[in-house]
Amino acid sequence: MPSPHVAVALVEDEPAVRERFVQAIAANPQLRLLHACGTGASMQRWMADHAVDVLLVDLGLPDLPGLEVIRHARRVQPACEVMVISAFGDAAHMVQAFEAGARGYLLKDGSQDELARHVLALHAGGSPMSPIIARQLLGRWRAQAPAPPARAQPRTGGMEGLSAREHDVLRLVARGCSYHEAGACLGIATSTVQAHVRSIYAKLEVHSKTEAVYEARQLGLLDC
């Protein structure tokens, strides 16, 4: 019978920070901490014999790069979701972590309640990110995205294309951000994000997020 708890493991070398994370996980009845350690090698040895749902990884470990711990976790436990919790908020670390296999990226300055909420969101299929990380990711998308081809215009005659703000909202939602997280990233209210989503649905002639993302990709509106 499946466990009612989300099993979590944590590797963080700073004892005070590690204890704060341990307390955050212990305070949430939906989470269960199975292991916490301060080195990458210790976590790799532990994962050889123990399954875990979510692994929290600090990038600046004393013995191994956190990126190597992420890659190892993805190899030995493909079902395990990995989230970075780091002091590094620059684009280079962010991109390297996602390329290594992380699905979420949080900065260490978040609250205990936020950490627990993001762990649950990751386990549920989301990609939690601190607002500054999401903002940098959005900036990279906008800088790298080619000009939309002519076929990207909605097919219905007379229907307007998506606005720049609707493009931003759609990219963040497609990446797994909640409406609240998308609003925080873009500096707008959650209700405004919801209004943009309704407009996107109408313009793309769809009725769900999954349909919207699929249709947008078919039309060339998304490059992710």
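Taken together, the values in this text are just the output of simple stated rules run on the coordinates, not laboratory data. These numbers were taken from a predicted model, which means no experiment stands behind them.
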Which whole number in µm²/s is D for the chain by Stokes-Einstein, with the Kirkwood Rh taken over Cα pairs at 20 °C and 1.002 mPa s?
-> 115 µm²/s
³J(HN,Hα) computed for each position of the range 175-183 - Karplus, 6.51 cos²θ - 1.76 cosθ + 1.60, integer Hz, glycine/proline x = 6, x, 5, 6, 4, 5, 5, 5, x
Principal axes of the range 6-128: Cα extent on each, largest first, Å = 34, 30, 29
Per DSSP H run of at least 4 residues, take -39500 (n - 2.57); add these up for the chain, divide by its residues and hand me the 222 nm value, nearest 500 deg cm²/dmol.
-> -15000 deg cm²/dmol
